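The values are calculated or read from the model by the stated rules, or taken from the named source; none is laboratory data. Predicted model, so just to flag it, every value in this text is computed and none were measured. Here the Cβ is made from the backbone with ideal geometry for all residues, glycine too, and neighbour counts use every protein chain on show.
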């Protein structure tokens, strides 16, 4: 089973860290992170943490149904102060013989009520049994512009300087991507989002997603991505200052789903 898990991870993505965890809410919306504000924007467009009003912490656990061993554990923490926001994120993906780790330190600055810029500094580590380990650093930059009360435009670039790992023994790359998107608050219950993403040397991906608040404490979510084609679905429960979110992904090429569980505390 370990050999199967390793091969499936290794050949299912052309670049490593394609399993970047955006949290259950953004995942259920089709991994739309360019223009949707959320604590897990730390792992996407860091400008998206600018909507957070209080100190926020979130933990996330994802299980991969093709294997009992492969999982993803993540943590996000944001502190707002005036028009400034600081955050830290961590994620670990893999199993005992293979794992990827990523730690991010983000800072966002809000200018007035409409414009936000942000930077996220990342430390990457990759470990493979019998091959050793490698580390690297990267920088993400993002911006967010609230055109009006309904429409938000966003963009971010991950690893624009094309940093790589510090050893040639492990042939792995830290992906470079350009992402632009928009979110539209159609009503006080419906949020629609879309993102266009381009990973360097790969085809363009288009994502769409929706967050529908059925009642004050319960939301349904769904999304699609084009390349590769994936379907997303999930829900969220809000009780006072506690959130519980769930998401799952169906990937047509691999035929397996992923389950995401998330707790958020304020």
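Tell me whether the range 163-179 contains one or more residues that are buried (at least 21 other Cβ atoms within 10 Å of the Cβ) and at pLDDT 95 or above. Scanning the range 163-179 turns up at least one residue that is buried (at least 21 other Cβ atoms within 10 Å of the Cβ) and at pLDDT 95 or above. Going by the structure shown, is residue 144 in contact (Cβ under 8 Å) with a residue 24 or more places away in the chain, within 19 Å of residue 83 (Cα to Cα) and surrounded by 15 or more Cβ atoms within 10 Å (Cβ to Cβ)? It is true that residue 144 is in contact (Cβ under 8 Å) with a residue 24 or more places away in the chain, within 19 Å of residue 83 (Cα to Cα) and surrounded by 15 or more Cβ atoms within 10 Å (Cβ to Cβ). Those strands (runs of 3 or more DSSP E) of the range 4-112 in which at least 1 residues are touching a helix residue (DSSP H, G or I) at 6+ places or on another chain (Cβ under 7 Å) and either modelled with pLDDT under 90 or surrounded by fewer than 24 Cβ atoms within 10 Å (Cβ to Cβ) (or both), considering only elements entirely within it, cover 56-64, 84-95, 98-111.
Among the conditions (1) in contact (Cβ under 8 Å) with a residue 24 or more places away in the chain; (2) farther than 23 Å from residue 181 by Cα, residue 90 misses just one, which is (1).
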